[in-house]
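Working notes, structure below.
None of the figures in this text is laboratory data; all of them are computed from the coordinates on show. Only a predicted model underlies this, so the values are computations on that prediction, with no experimental measurement involved. Neighbour counts are summed over all protein chains in view; Cβ atoms, including those assigned to glycine, are modelled from backbone coordinates with ideal geometry.
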Amino acid sequence: MSEETDKKIKKQGLIKGVFLGLVISAISIIYFYFMVEVAKSALAISLGSMVFSYLLPLGVAVLFSLNLRAKIGGIWTMRQAATGIFIMFFISYLMAFIIKDQVFAKVIEPNMVQKTETAMVNALNKLKDETTKPEEKKEADAKILEMKKAINAERSVTIGQQIQSFGISIILLFVLSIIFASFFKREPAGVVS
C-alpha cells in the first residue's frame, strides 16, 4: 500500500507541479505588465511586487499543496508530504524558468529588462519630483543608482552564476517543501512523527 501511495504522490506531484508552474508563470507575466503599463508610482510597484511576487504565489502553492494531499487520499506522512511537495515545487520552478525566463523574456518580450528598468526609474523620478525634501530626493537618486547597478549585474550573469543560482534555488525549494510538509502532513492514525 505504501509503495503504491508513494508512486501516486510522485505522479500527482509532477502533474500539480506542471499546473503550478503555469499559474506562477502567468502571475509573473501579469505582474510585468502591471508594472510597466499600470503602476506609475513607486508605492504601486512596491505593493504590486508584494502581492504578485509573494502573496499570490504563496496562496496558490498552499491551494495546490492541499489539493495534492486530497488527490492521494488525504493521509500522508511527513516524508511523503515533503516528497510530493518538493516534486511539485521543483517542476513548477522548471516550468516557470522555461515559460517566463526563456520563452517570454527572450521571445515574446525581449526588451523586458529595459521596460522594467524604465518603469521603475520613471516611478522613482516621479516620487523625487513630488517631494520637496532634499534628503528624500537623495534617497530616490540612491535607489535609482542601486536599481541600475542590480539590473546591469543581471545583464552580465555568467553560466557559472546561473548554475550556482539554480543550485541555491533547489536548496531553498527543498527547505520550503519541508516547511509546507510540516503544515500539511496528515499522519495515518496511530503513527507519530
### Task
Please find, among K100, K148, the residue that is over 30 Å from L14 (Cα atoms) and out of contact with any strand residue (DSSP E or B) (no Cβ under 6 Å at 6 or more places or on another chain).
K148
### Query
Any idea which residue in the range 26-50 is surrounded by the fewest Cβ atoms within 10 Å (Cβ to Cβ), counting only those that are touching a Phe, Trp or Tyr at 6+ places or on another chain (Cβ under 8 Å) and β-branched (V, I, T)?
I30
### Task
Return the pairs, sorted by first residue and then second, in which the second residue is charged (D, E, K, R) and surrounded by 14 or more Cβ atoms within 10 Å (Cβ to Cβ), the first residue lies in the range 47-73 and is touching a residue at least 24 places away in the same chain (Cβ under 8 Å) and under 20 Å from A96 (Cα atoms), the beta carbons are less than 6 Å apart, and the residues are 6+ apart or on different chains.
F64/K16; L68/K16
### Query
Which one is farthest from the chain's Cα centre (by Cα) among residues in the range 88-126 that are farther than 28 Å from G167 by Cβ and without any contact (Cβ under 8 Å) to a residue 60 or more places away in the chain?
N125
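Yes/no matrix, rows are residues, columns are (1) surrounded by fewer than 20 Cβ atoms within 10 Å (Cβ to Cβ); (2) in contact with an Asp or Glu (Cβ under 6 Å, 6 or more places away or on another chain); (3) under 19 Å from I168 (Cβ atoms):
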site	(1), (2), (3)
S53	yes, no, yes
P57	yes, no, yes
F64	no, no, no
N67	yes, no, no
K71	yes, no, no
M78	yes, no, no
A81	no, no, no
F86	no, no, yes
F90	yes, no, yes
#### Entry: the range 103-119, residues that are surrounded by 14 or more Cβ atoms within 10 Å (Cβ to Cβ), over 13 Å from E154 (Cβ atoms) and among the hydrophobic types (A, V, I, L, M, F, W, C)
F104, A119
### Query
surrounded by fewer than 15 Cβ atoms within 10 Å (Cβ to Cβ), farther than 30 Å from I75 by Cα and among the acidic types (D, E) - does that describe any residue in the range 4-24?
no
### Task
Pick out the one residue from I151, I168, I144 that is farther than 26 Å from A96 by Cβ and either surrounded by 10 or more Cβ atoms within 10 Å (Cβ to Cβ) or within 19 Å of the chain's Cα centre (by Cα) (or both).
I144
### Task
Answer yes or no: is there a residue in the range 127-135 that is under 18 Å from the mean Cα position of the chain (by Cα), surrounded by 15 or more Cβ atoms within 10 Å (Cβ to Cβ) and in contact (Cβ under 8 Å) with a residue 12 or more places away in the chain.
no
